[in-house]
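The values are calculated or read from the model by the stated rules, or taken from the named source; none is laboratory data. Since the structure is predicted, the reported quantities are computational estimates derived from the model, not experimental observations. In this analysis, Cβ positions are derived from the backbone assuming ideal geometry, glycine residues included, and neighbour counts consider all displayed protein chains.
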């Protein structure tokens, strides 16, 4: 492994540990909220555009994950995420097809916290009475100016905020004085959601609720 890759590994592990410590209280507070929603037979919804869509998809249909999670899909993969009104059209179509219900949890992922589509998904979810969890870099979300006319970034709209601890630009390593590399938002964001989901499953077990957990389709006990 190259010196740069080794340094990135060390920096990434430190940031992962910091994210665990920073978000432990939020995960603890969110766990019974999501657990109670799942126990009522409700659905957890996720949304992310661009690379954030990878994080949104991480807990959907996941072996060892909850069955009752679905994702709001952006067919442009974030290409027009700053076209004002596009996110509203996406989430309204999804809502017509699948129905967002008051009390359900919607997890919106946006590293910068400023792009229009995730903000519009969050606003629509709040209008429907859903609980909005924002997963972002709080440093970026609190400093980057949004193009959305509402003026608020994701950390200011969400009911709960999970902070991936990322730096502006999502690159933590210097390759040359002009070129930075080493993104961290994806693996830390995915870790945060998996920590949250495992906490929810443990809460369901402790509360004597059913455990709607998927098995891998590649093992004999698969459903």
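Structure notes:
- Which listed residue, of 61, 50, 113, 78, is crowded, with 20+ Cβ neighbours inside 10 Å, at positive phi, part of a loop (DSSP other than H, G, I, E, B) and touching a residue at least 24 places away in the same chain (Cβ under 8 Å): 113
Rundown of residues vs (1) buried (at least 21 other Cβ atoms within 10 Å of the Cβ); (2) modelled with pLDDT of 95 or more, yes/no style:
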site: 137; (1), (2): yes, yes
site: 152; (1), (2): no, no
site: 162; (1), (2): yes, yes
site: 176; (1), (2): no, yes
site: 180; (1), (2): no, yes
site: 190; (1), (2): no, yes
site: 193; (1), (2): yes, yes
site: 205; (1), (2): no, yes
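- Selection status of residue 94, at pLDDT 95 or above, touching a strand residue (DSSP E or B) at 6+ places or on another chain (Cβ under 9 Å), more than 22 Å from residue 122 (Cα to Cα) and buried (at least 18 other Cβ atoms within 10 Å of the Cβ): no
- Hits in the stretch 38-47 - residues which are within 17 Å of residue 195 (Cα to Cα) and either under 15 Å from the mean Cα position of the chain (by Cα) or surrounded by fewer than 24 Cβ atoms within 10 Å (Cβ to Cβ) (or both): 44, 45, 46
- Among the residues of the stretch 158-181, the ones that are within 20 Å of the chain's Cα centre (by Cα) and either closer than 17 Å to residue 139 by Cβ or in a strand (DSSP E or B) (or both) come to 13 in all.
- Filter result (over 19 Å from residue 170 (Cα atoms) and free of Cβ contacts under 8 Å to residues at least 12 places away in the same chain) within the stretch 1-28: 1, 2, 3, 21, 24, 25
- Note on the stretch 164-174: among residues that are modelled with pLDDT of 95 or more and touching a strand residue (DSSP E or B) at 6+ places or on another chain (Cβ under 7 Å), the one that is surrounded by the most Cβ atoms within 10 Å (Cβ to Cβ) is 164.
- Unmet criterion (only one of (1) within 18 Å of the chain's Cα centre (by Cα); (2) closer than 26 Å to residue 99 by Cβ; (3) without any contact (Cβ under 8 Å) to a residue 24 or more places away in the chain; (4) part of a helix (DSSP H, G or I)) for residue 35: (3)
- Tally, over the stretch 157-186, of residues that are without any contact (Cβ under 8 Å) to a residue 12 or more places away in the chain and under 23 Å from residue 85 (Cα atoms): 0
- Hits in the stretch 116-129 (condition: surrounded by fewer than 24 Cβ atoms within 10 Å (Cβ to Cβ) and either under 12 Å from residue 82 (Cα atoms) or in contact (Cβ under 8 Å) with a residue 12 or more places away in the chain (or both)): 116, 123, 124, 126, 128, 129
- The stretch 64-75 - residue that is free of Cβ contacts under 8 Å to residues at least 60 places away in the same chain and assigned to a loop (DSSP other than H, G, I, E, B) and, of those, farthest from residue 121 (Cα to Cα): 75
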